[in-house]
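Let me begin by presenting the structure, written as structure tokens, before commenting on it.
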There are 2 protein chains.
Amino acid sequence: FKSSKVLSDSAREKNMFIQGKVNDINTQLVDQDAVVILEKTPIIEDTLSELFSGSRLTLDMKNDIYSTYRLQPPPHLNEMKVTVVCPATEKHVKKYQRQESYLVEETAEDYRSITLPYIESQSFSLQWVYNILEKKAEADRIIYEDPDPDVGFVLLPDFKWNQKQVDDLYLIAIVHQKGIKSLRGLTSEHLPLLKNVFQKGKETIMQKYKLPASKLRVYLHYQPSYYHLHVHFTMLGYEAPGCGVERAHLLGDVIQNLQSNPDYYKSHTLYFPLRADDGLLTKFREAGKI
Amino acid sequence: FKSSKVLSDSAREKNMFIQGKVNDINTQLVDQDAVVILEKTPIIEDTLSELFSGSRLTLDMKNDIYSTYRLQPPPHLNEMKVTVVCPATEKHVKKYQRQESYLVEETAEDYRSITLPYIESQSFSLQWVYNILEKKAEADRIIYEDPDPDVGFVLLPDFKWNQKQVDDLYLIAIVHQKGIKSLRGLTSEHLPLLKNVFQKGKETIMQKYKLPASKLRVYLHYQPSYYHLHVHFTMLGYEAPGCGVERAHLLGDVIQNLQSNPDYYKSHTLYFPLRADDGLLTKFREAGKI
């Protein structure tokens, strides 16, 4: 195998997705396109004593009660897993390609002059959201509804959650009120709506899943993935995609910020990540903001 | 080192936290309590060709275009990182034990009546922090220093980062000013300090690692793991532990909040997760706040 390009990798998960060419000596096929996935394996408790006795240890650093070492375990105790996709098509390559992200700093003026015009030019369809609100689709998935047109919402499971265990509970509250695009559209006049979603969402989850508010992370995304106001409810211990500080805003903080400053989200600078292929990033680049 | 118990582990992150006893042949100290953290290291692109040519490969499974193998790399290409805490106290053991978390809602009054008295009663030692600031330890690890006593800081790699690849870059800025316990201690008078850390931290990372500000997540933890003000700089794409919205506060937001409200962090309610065995959680429970 000859690697030609790293498609993506994760320092946290210790894996790497690599594009390259494979020569198979058995089949005489040469230079076949392939994707190779390399991944370190979890540490196994049963091997610990052999690991500590049979490895080379080098001191790196010592400070007070803390010290760090580099350990070189014998190969049979420290395998990697290799997955090969061969022949790989263009589709496989794209699937494993990481898109880099960039943090954007959006002032209130940037929102008006760059983000809002971009969102409006894209005219993302919200028909699927309206279908849910009008019970034309996914009606059987709705877990709770407050039908009030101003402060009401529907609560339903996110597609990422299979509803089989609460460990990765993930629900979405979609508000009935139309026209609030995102966090940027919120002012103190929306406090009754936000408080209602917060309160009744937590109550419903307590009744249905026996999870108290202290086990929940309740937040909005900015940028959201669609521009109709919705709120995420996830299990606190579950590291849901998009719950990082760079994209998530706790609903409790949002309510509080609007209480002390009615125009907090209309006036403050907001930070958010955008993927390299996002058209909005191009707009920020063109405006010389990145 | 003799391991006695696995405190926690992560198959996803390939790490393991182990309690055990250490015998030190240099100091003749025997059977000292220790916590050892084992972690596999990220895969390094530069080593790939040597990895593929110099490892033993065993076929596991083949199905259509997919196949999996076990790879046994030479030890020098597949190190583990070992962090030793020794002697370890009961507190260290607890810190690394897997625990459920609960979200706490801390009003300004709760901070004064519950959190602050608890922190003060614990008298956590900050000696290791002062050792760093005074160059009595880890002096060779310091990447940048602004020695100013009011707005200065030292910047050094977090223990979690092995500095071999920027994918999981993790640096900590520790301020020279003593006595600022956490986010709760910040007012607008600290804006020059915070702006200095933000600005010079970003400049240093750009110079040394060629990463622009748009690739960085810069934030504080609340609660922090030690009560001397410090700021986290991590690579945006790296899902560093503790970068979730429930614990992290973007430095950019903190500066902005203090600019518009000098007492923002003295007056607002803050949310944070606490582990089941945290003494502070017990205090909140006793006060009927959870």
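Where a number appears in this text, it was derived from the coordinates with a stated rule and is not lab data. Owing to the predicted nature of the structure, the values given are computational and were not obtained by experimental measurement. Every residue, glycine as well, gets a Cβ built from its backbone with ideal geometry; the counts of neighbours run over all protein chains shown.
Label-point separation (nm) for A:Glu100 and A:Ser225, each offset 7 Å from Cα along Cα-to-Cβ?
2.4
Lys and Arg at +1, Asp and Glu at -1: add these up for the other residues within a Cβ distance under 12 Å of B:Gln122 and post the number.
With Lys, Arg at +1 and Asp, Glu at -1, the net is +1.
Can you pull a Stokes-Einstein diffusion coefficient for segment B:169-278 at 25 °C (0.890 mPa s), Rh from Kirkwood over Cα pairs, as a whole number of µm²/s?
170
May I ask for the percentage of alpha-carbon pairs in segment B:123-235 that lie more than 23 Å from each other?
24
Starting at 0 and stepping by 5 Å, how many percent of the alpha carbon pairs of segment A:1-59 end up in each bin?
Taking every Cα pair in segment A:1-59, the percentages come to 4, 15, 15, 13, 14, 11, 14, 10, 4, 0.
How big is the protein assembly as shown on each of its three principal axes, counting only the C-alpha atoms and giving the largest first in Å?
Per principal axis, max minus min of the Cα coordinates gives 66, 64, 49 Å.
Using a 10 Å cut-off on Cβ to Cβ distances, tally the other chain neighbours for every residue of B:211-220 and report the average as a whole number. Walk me through the intermediate numbers first.
Numbers: counts 0, 3, 4, 13, 5, 2, 6, 4, 3, 1.
Per residue, the number of nearby Cβ atoms from other chains is 4 on average.
Taking a cut-off of 14 Å between Cα atoms, list the aspartates and glutamates near A:Lys5, but don't count ones fewer than 8 places away on the same chain.
Leaving aside aspartates and glutamates fewer than 8 places away in the same chain, those within reach of A:Lys5 are A:Asp33, A:Glu90, B:Glu45, B:Asp46.
Let's see if you can work this out: charge +1 on each Lys and Arg Cβ, -1 on each Asp and Glu Cβ, no other charges. What is the dipole magnitude of segment B:126-179 about its Cα centre, in debye to the nearest 20?
Numbers: 6 positive and 10 negative charges, 44 e Å.
It works out to roughly 220 debye.
Which of A:Lys283/B:Lys210; A:Lys202/B:Lys178; B:Lys135/B:Lys200; A:Lys81/B:Lys208 have a Cα-Cα distance over 31 Å? List each step's numbers first, then the result.
Numbers: A:Lys283/B:Lys210 23 Å; A:Lys202/B:Lys178 40 Å; B:Lys135/B:Lys200 20 Å; A:Lys81/B:Lys208 33 Å.
From the list (A:Lys283/B:Lys210; A:Lys202/B:Lys178; B:Lys135/B:Lys200; A:Lys81/B:Lys208), the Cα-Cα distance tops 31 Å for A:Lys202/B:Lys178; A:Lys81/B:Lys208.
With +1 on the Cβ of every Lys and Arg and -1 on the Cβ of every Asp and Glu, and nothing else charged, how large is the dipole of the protein assembly as shown about its Cα centre, in debye rounded to the nearest 20? If you can, show how the numbers build up before the last one.
Values: 72 positive and 76 negative charges, 88 e Å.
Once rounded to the nearest 20, the dipole reads 420 debye.
If each residue of separation counts as 0.36 nm, what is the full-extension length gain between A:Thr187 and A:Lys210 once their alpha-carbon separation is subtracted? Mind dumping the intermediate values first?
Details: separation 23, 0.36 × 23 = 8.28 nm, distance 3.23 nm.
Going from the current span to full extension adds 5.1 nm.
Two decimals is fine: what is log10 I(q)/I(0) at q = 0.07, 0.10, 0.14 Å⁻¹ for chain B, from a Debye sum with one equal scatterer on every Cα and no solvent?
The calculated log intensity ratios at q = 0.07, 0.10, 0.14 Å⁻¹ are -0.33, -0.67, -1.22.
Whole angstrom only: what separates the Cα centroid of segment B:217-250 from the Cα centroid of segment B:7-82?
Here the answer is 27 Å between Cα centres.
Sort A:Trp161, A:Trp128, B:Trp128, B:Trp161 by Cβ crowding within 10 Å, fewest neighbours at the top.
Neighbour counts put them in this order, fewest first: A:Trp128, B:Trp128, A:Trp161, B:Trp161.
Lys and Arg at +1, Asp and Glu at -1: add these up for the other residues within a Cβ distance under 11 Å of B:Met206 and post the number. Walk me through the intermediate numbers first.
Numbers: positive: B:Lys200, B:Lys202, B:Lys208, B:Lys210, B:Lys215; negative: B:Glu203.
Summing Lys and Arg as +1 and Asp and Glu as -1 gives +4.
How well do other chains shield peptide B:3-9, expressed as the mean number of their Cβ atoms within 10 Å of each residue Cβ?
Mean partner-chain Cβ count within 10 Å for B:3-9: 2.
Using only helices, what value at 222 nm comes out for chain B when you add -39,500 (n - 2.57) per DSSP H run of length 4 or more and divide by the total residues, to the nearest 500 deg cm²/dmol?
On the way: 8 runs with 69 residues, N = 290.
Rounded to the nearest 500, the figure is -6500 deg cm²/dmol.
Relative contact order of chain A, please, whole-number percent, based on alpha carbon pairs below 8 angstrom and at least 6 residues apart. Don't jump to the answer; show the numbers that get you there.
Numbers: 446 pairs, mean separation 47.3, N = 290.
Once divided by the residue count of chain A, the mean separation gives 16 percent.
Work out which trypsin sites (Lys or Arg not before Pro) in chain B are exposed loop sites (DSSP not H, G, I, E or B, at most 16 other Cβ within 10 Å) and give the longest gap free of them.
The segment B:13-97 is the longest one with no such site.
Where does the charge balance sit around B:Lys62 when Lys and Arg score +1, Asp and Glu -1, over other residues with C-beta under 15 Å from its C-beta? Walk me through the numbers before you get to the answer.
On the way: positive: A:Lys81, B:Arg70; negative: A:Asp24, B:Asp60, B:Asp64.
Spelling it out: positives minus negatives among the neighbours equals -1.
I'd like the mean, over residues of B:263-269, of how many other protein chain beta carbons sit within 10 Å of each residue's own Cβ. Don't jump to the answer; show the numbers that get you there.
On the way: counts 0, 3, 0, 0, 2, 6, 4.
If you average over the peptide's residues, the count of other-chain Cβ atoms is 2.
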